[in-house]
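Asks: This is the structure I want to talk about, given as structure tokens.
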Amino acid sequence: MIRFILVIGLAFIYLVVTSPVLLVMWILSLLGMNVYGPAFRMTAWILGILMKLSGARLTVRGLENIPEDKAVLFCGNHRSYFDIISTYSILPRTTGYLSKKQMALVPLLGGWLVLSSSVPIDRKNIKKGMKSILECIDHINKGLDVFIFPEGTRAKTDGEFGEFHEASFKIAQRTGCPIIPVTINGTRELFEAHFPRIIPHDVIIDFGKPVAYEKRIGETLRQSMMAVYRENRSLMK
């Protein structure tokens, strides 16, 4: 319980202390300045500290598979709130997350996410959902990476992923960008499995090789990522 209090407490203090910086960045963005990079780096910094406070024993593989000369679409499995925290803190460059709209409504936190190029999506409203997809397409065309969780919600069954919604991959279809599968192990055991406690646990994040868009890519990725998930699962304590 102490770890949970430390993580939540530090996150709250950070959001309050940096609120003047957030306001300045909002003004600069309204004046047409691009603040994605600085906002992303500040957010990644604090999330990295929160990961260390959680006691997670983090192993990262395959960062060399991320192309340096083009924007990519990261595709991750989803089992925990720590999926975003853990991946955000290790990505090599500015990346926008396609995240549920409720995240953007959280005071101060929502502001930082939007300024960092993340895009809220209303999954229950098809028209608004497509608008969010189009915004992600624009990000890719401008050279920004985008991270999606195509299951749309957190899976609770170990080793089994939910359906990967094909609509999420329109971003790659429309832009021709490569897709990087990101298989995440151990984040649910870190938090949700013991809620409200945070229990130190192995976390493995595996970046796969780039994949080109093709028909039914969602199911293809789902199967290949489940295989990686099970393989990495056997390596965890």
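Asks: How large is the Kirkwood hydrodynamic radius of region 78-237, counting all unique pairs of alpha carbons, in Å?
Replies: 16.4
Asks: Under the rule of at least 5 residues apart or a separate chain, name every residue whose amide H is placed under 5 Å from the amide H of S118.
Replies: Y97
Asks: What 222 nm value per residue comes from the helices of the chain, counting each DSSP H run with n ≥ 4 as -39,500 (n - 2.57) and dividing by all residues, nearest 500 deg cm²/dmol?
Replies: -13500 deg cm²/dmol
Asks: What does DSSP give for region 2-233 in terms of the percent of beta bridges that are antiparallel, rounded to the nearest 5?
Replies: For region 2-233, the DSSP antiparallel bridge percentage is about 20.
Asks: Only residues of region 90-134 count here: report those whose backbone N is under 18 Å from the spot 7 Å along Cα→Cβ of S19, or say none.
Replies: 104-115
Asks: Which order, highest average first, do 119-129, 61-71, 203-213 follow once you tally other Cβ atoms within 10 Å for each residue and take the mean per peptide?
Replies: So the order, starting with the most tightly packed, is 203-213, 119-129, 61-71.
Asks: Could you put S117, S86 in order, starting from the residue whose Cβ has the fewest other Cβ atoms within 10 Å?
Replies: If I rank by nearby Cβ atoms, fewest first, I get S117, S86.
Asks: Continuing with the same structure: Stretch L63-D122 to full length: gain in nm at 0.36 nm per residue minus the Cα-Cα span?
Replies: The L63-D122 span can extend by a further 18.2 nm.
Asks: Multiply the residue separation of Q102 and K52 by 0.36 nm, subtract the distance between their alpha-carbon atoms, and state the gained length in nm to one decimal.
Replies: Roughly 15.5 nm would be gained on extension.
Asks: If you consider only alpha-carbon coordinates, what radius of gyration and Dmax does region 1-46 have, in Å?
Replies: So, for region 1-46, Rg and Dmax equal 13.2, 43 Å respectively.
Asks: While we're here: Report the paramagnetic label zone for I199: residues of region 37-59 whose backbone N is under 16 Å from a point 7 Å from Cα along the Cα-to-Cβ axis.
Replies: 54-57
Asks: Still on this structure: Give me the aspartates and glutamates in straight-line cross-link reach of K131: C-alpha distance below 17 Å, same-chain residues under 8 apart excluded.
Replies: D122, E166
Asks: Spelling out what I want: for every residue of region 77-84, take phi, set θ = phi - 60°, compute 6.51 cos²θ - 1.76 cosθ + 1.60 (Karplus), and round to whole Hz; glycine and proline get x.
Replies: 6, 9, 9, 7, 4, 6, 4, 6
Asks: Please check: in the Gaussian network model of the chain (C-alpha springs, under 10 Å), which one of H139, H165, H194 has the largest mean-square fluctuation.
Replies: Largest GNM mean-square fluctuation: H194.
Asks: Alpha carbon centre of region 1-60 versus region 168-202: separation in Å?
Replies: Answer, in whole Å: 19.
Asks: In a Gaussian network model over the chain where Cα atoms closer than 10 Å are linked, find which of R222, R79, R174 has the largest mean-square fluctuation.
Replies: In this elastic network of the chain, the residue with the biggest mean-square fluctuation among R222, R79, R174 is R174.
Just so you know, all these numbers are worked out from the coordinates, no wet-lab data involved. Everything numeric in this text was worked out from a predicted model, so none of it was measured. No Cβ is skipped: glycine too gets one built from the backbone with ideal geometry, and neighbour counts run over all protein chains shown.
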